[in-house]
1. Of the residues B:Leu268, B:Leu289, B:Leu249, B:Leu319, which single one is farther than 29 Å from B:Ser144 by Cβ and part of a helix (DSSP H, G or I)?
2. Which condition number in (1) open to solvent by 20 Å² or more (accessible area, probe 1.4 Å); (2) part of a helix (DSSP H, G or I); (3) within 30 Å of B:Gln38 (Cα to Cα) is the one that A:Ala130 fails?
3. Of everything in the stretch A:320-362, what is open to solvent by less than 30 Å² (accessible area, probe 1.4 Å), under 20 Å from A:Glu82 (Cβ atoms) and touching a residue at least 40 places away in the same chain (Cβ under 8 Å)? Give them in sequence order.
4. Kindly provide the set of residues from the stretch B:322-357 that are exposed (fewer than 14 other Cβ atoms within 10 Å of the Cβ) and outside any helix (DSSP H, G or I), ordered by number.
5. Would it be correct to say that A:Ala365 is at pLDDT below 90 and buried (at least 16 other Cβ atoms within 10 Å of the Cβ)?
6. Would you point out which residue out of B:Val243, B:Val267, B:Val231, B:Val239 is surrounded by fewer than 21 Cβ atoms within 10 Å (Cβ to Cβ) and farther than 12 Å from B:Tyr108 by Cβ?
7. Taking into account only those residues within the stretch B:413-426 that are outside any helix (DSSP H, G or I) and farther than 11 Å from B:Val96 by Cα, which is modelled with the highest pLDDT?
Amino acid sequence: MALLESTAPSSAGTRLLAFVNNATVRAVFYQALTLSCVVLLFWYLISNTIENMSQRGMSAGFDFLGVSAGFGIGFTLIPYREGDTYLRVFMVGIANTMLVAVVAIVISTVLGLIVGLARLSNNWVIRNVARWYIEILRNTPLLLQIIAWYFGVFTLLPRPRESLGWLDAVFLNNRGLYLPAPLVGSGFAVALVALLLGIAGAVAWARYARREREQAGRIRPVLGPVLALLVVPPVLAALAVGSPLAWDMPQLRGFNFVGGINIPPSFCALIIALSIYTSCFIGENVRSGIQSVSRGQTEAARALGVPPGRTMRSIILPQALRVIIPPLISQYLNVTKNSSLAIAIGFPDLVSVWMHTSLNQSGRAIPIVAMTMGFYCVVSLAVSLAMNRYNRSILIKER
Amino acid sequence: MDHAAGPAATPPPAEIFRPRPARRAPPSTLGVQGWIRQNMFSSVPNALVTVIGIWIVYAFFDALFGWAIGNAVWQAESRRECLDEVGRAGACWPGVIAWIPNLIYGLYPKDQVWRINLAGLVLLLWAVPLWLPRVQSKVQIGLSLVLLFPLFASYLFLGGEKGIVWSALIALGLAAFLWTLLTAATETVFGLGIARFAVAALGFASRSDETRRRLAIAVLLAVYVVAVILVQALSLPFVPTRVWGGLFLTLVISGIGIAFSLPAGIVLALGRRSRMPLISLLSTTFIELFRSVPLITILFMFNTMLPLFLPVGVEVNQLLRAIVAVCLFSAAYMAEVVRGGLQAIPRGQYEAASAMGLGFWQATGLVIMPQALKIMIPTIVGNFIGLFKDTTLVSIVGLFDLLSMSRAVGEDTRWLGLFLEPFFFVTMIYFVVCFGMSQYSLNLEQRLSAGERR
């Protein structure tokens with residue numbers, strides 16, 4: 001550039017042109033322009049907001065968090081009483097949201113794995129049942145499914161007196177699902193110690209088997225011994241010292257059930273709809289992941305005499321997981337976000353108790369909206385950071 | 001071996017070679033029988049699974065048809081009559097049939113419904129030329145459809161007083177529609193657009209370029225004048241957005257969301273990939289913020305905050321708040337789709353474009369984007385489907401979309417408690433639209449990649 005300028009005959013006009021056409025100058029100019037637009041927009045919005053709020057007598061402070069909320073919540077995972085503070089309401093909302101997310105993630109992963117494998121089955125009937133299961137359920141809105149399960153199934157169940165029972169322990173009626181609640185019994189400590197010992201033994205065996213395989217090439221059975229170590233000691237301990245857990249059975253008294261755990265119908269409907277809907281997407285992930293492993297891998301394994309089950313477990317799945325896991329995690333994030341649809345059927349999740357009820361009660365729009373969005377942002381930022389680290393760790397190491 | 005050691009006097013009787021009987025041929029894999037054997041009964045467990053699978057499918061369809069058709073009631077005055085006739089064993093369709101107008105148009109005044117139908121017809125006629133093989137101005141028609149149809153349709157839907165500016169804009173929309181129809185007709189028949197065809201038909205084909213260009217502009221202006229006169233003659237009563245609802249509202253919201261999200265997503269994606277740090281930072285912040293929170297929180301936020309953001313005294317109706325939220329949300333998602341497409345384009349394409357002397361906008365518009373958009377079609381359509389499904393969320397912030405309308409059936413005193421039937425009907429509508437879109441995108445993808453297949 002300097003060379004050109006020194007040799008070319010330059011007038012003021014050409015120098016100006018060169019200055020205007022310079023990439024760096026343009027970049028600075030465009031960025032300054034964008035920044036001033038954004039600043040102006042924010043200044044406009046904020047000044048309007050301040051004026052509106054002063055006119056309506058609203059306040060933006062967080063001081064209301066210590067004030068008693070004064071409304072009840074139908075279902076809480078952590079203890080909550082009417083009269084607890086708004087901060088407590090926020091916590092209750094987060095706990096309920098996380099509970100829904102975790103339960104739905106577990107169920108949808110299992111269902112999705114089954115559907116994805118069924119989609120690849122050699123059997124024409126199974127393949128097509130899985131295909132249409134996926135096509136129908138993922139092409140209808142989730143909110144519609146949640147509402148249909150709630151209004152179309154759970155509110156139409158019989159009243160408590162005619163409830164559907166199973167073994168006199170589990171009951172299903174229009175007030176929800178009743179399960180026996182575990183109570184700590186006399187032999188609980190002994191059984192717990194036995195269980196912990198079993199877990200320690202299982203871990204040790206798994207490590208030993210792995211070392212044997214990697215260093216000596218001997219293959220030891222893993223699944224059977226581990227399961228035995230997990231199940232046998234606690235059962236033996238329980239038989240030896242008497243029942244470690246007592247069960248609090250739900251019982252019909254008058255018009256309703258007492259005792260046991262009551263899971264409200266809104267929770268059941270939400271979990272079922274979320275799990276089924278998400279399982280379709282997970283199923284497609286699993287299918288595409290497995291199909292992404294080249295056929296040559298299967299053929300090579302067959303040629304080396306590896307049996308089919310072991311080919312799947314040790315050769316195809318580890319390679320498929322590389323493809324499956326990133327979209328799987330984003331589905332898990334989607335489940336967390338979609339659990340906010342709980343508000344449509346009155347399940348008290350974060351959006352329902354915080355962004356709806358608390359906002360209407362306290363009128364503190366700005367802090368409440370900021371806290372709700374902040375929670376979801378933190379969750380997805382944390383997950384995507386973990387995801388990036390994982391992606392880097394499984395990158396194929398190339399020459 | 002034993003014989004070899006024995007005396008050689010009598011040779012052993014010659015052993016007659018007897019081939020072992022041939023193994024049976026494996027079952028045929030050809031023909032219908034072979035296909036069934038291979039795909040359904042290849043082994044005992046497989047056969048068992050097939051039988052169980054067929055039984056489940058049969059039981060499902062048997063129950064479904066029994067409920068929806070076999071035991072269903074088609075003629076009744078109220079849900080009570082249905083229940084008296086078949087109980088819960090059969091569907092009660094009269095309730096859904098009575099509500100069909102509401103499910104489609106919401107509470108839109110009955111005598112004004114023709115306006116929605118007319119807009120639908122205009123949309124259809126506007127879009128048809130895009131599929132006619134002989135039409136050449138498809139890009140212009142497509143762009144005018146996305147940009148100018150909303151101008152015309154907004155007046156049809158809303159009606160009421162129109163000032164000078166709005167009249168001019170409505171007329172622009174109508175003029176674009178007339179131009180589309182005329183151009184499609186003349187291009188199909190004569191292979192010339194309307195303006196050039198009119199110039200030729202009027203006998204000016206031999207004049208200079210400059211004269212013909214002026215005449216063509218005059219023809220376009222004439223079309224616009226006709227449109228202005230038509231718009232002036234058209235006077236429609238005002239219908240507030242409060243009574244909009246049903247499938248109509250769902251289509252309005254998702255249509256605007258789709259039309260807005262693609263261009264906005266392209267701008268955001270280019271911003272995120274920009275080498276200017278500030279622009280990249282702003283785009284990334286916007287995209288990540290809107291993608292990490294659920295749509296319902298954005299809807300709530302705009303519902304409570306938009307009135308605060310605007311100057312004192314400015315009223316924003318509920319529909320507009322929902323549309324703004326849906327548009328920004330879907331733009332953020334679309335931006336990530338477009339970014340994915342842009343990343344798939346090899347560096348060589350950018351470098352070749354600069355080597356040819358193309359600037360940033362030329363390279364992006366003529367070289368990069370066309371290739372990237374082609375790769376992205378399935379994901380873009382997937383996003384559109386997601387957006388269409390997500391519009392159901394506006395029912396939570398108090399709009400009467402298709403889903404709210406279907407819930408309202410069961411709250412009508414005559415059809416109290418009738419939930420399953422309207423849900424079934426609405427599910428069918430969503431399924432047909434979404435499944436149709438996804439199958440069409442598969443088809444489009446295959447046609448566009450025809451050159452790469454071997």
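The values are calculated or read from the model by the stated rules, or taken from the named source; none is laboratory data. All figures in this text were calculated on a predicted structure; none of them were measured in a lab. Neighbour counts run over all protein chains shown; Cβ positions are idealised from the backbone, glycine included. To get the accessible areas, we keep the full protein, side chains included, count just its heavy atoms, and leave off ligands, DNA and RNA. Shrake-Rupley method; radii C 1.70, N 1.55, O 1.52, S 1.80 Å.
1. On the way: B:Leu268 fails: farther than 29 Å from B:Ser144 by Cβ; B:Leu249 fails: farther than 29 Å from B:Ser144 by Cβ; B:Leu319 fails: farther than 29 Å from B:Ser144 by Cβ.
The unique qualifying residue is B:Leu289.
2. Among (1) open to solvent by 20 Å² or more (accessible area, probe 1.4 Å); (2) part of a helix (DSSP H, G or I); (3) within 30 Å of B:Gln38 (Cα to Cα), A:Ala130 violates only (1).
3. Hits for the stretch A:320-362 are A:Phe347, A:Pro348, A:Asp349, A:Leu350, A:Ser352, A:Val353, A:Trp354, A:Ser358.
4. Within the stretch B:322-357, B:Ala344, B:Pro346, B:Met356, B:Gly357 meet the criteria.
5. yes
6. Step by step, each of B:Val243, B:Val267, B:Val231, B:Val239 is checked, and only B:Val267 is surrounded by fewer than 21 Cβ atoms within 10 Å (Cβ to Cβ) and farther than 12 Å from B:Tyr108 by Cβ.
7. This residue is B:Leu416.
One line per residue, one yes/no per condition, for (1) touching a strand residue (DSSP E or B) at 6+ places or on another chain (Cβ under 7 Å); (2) open to solvent by 40 Å² or more (accessible area, probe 1.4 Å); (3) within 14 Å of chain B (Cβ to nearest Cβ); (4) not in a helix (DSSP H, G or I):
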site: A:Ile46; (1), (2), (3), (4): no, yes, yes, no
site: A:Gly61; (1), (2), (3), (4): no, no, no, yes
site: A:Ile73; (1), (2), (3), (4): no, no, no, yes
site: A:Pro79; (1), (2), (3), (4): no, yes, no, yes
site: A:Gly93; (1), (2), (3), (4): no, no, yes, no
site: A:Asn96; (1), (2), (3), (4): no, no, no, no
site: A:Ser108; (1), (2), (3), (4): no, no, no, no
site: A:Gly116; (1), (2), (3), (4): no, no, no, no
site: A:Ser121; (1), (2), (3), (4): no, no, yes, yes
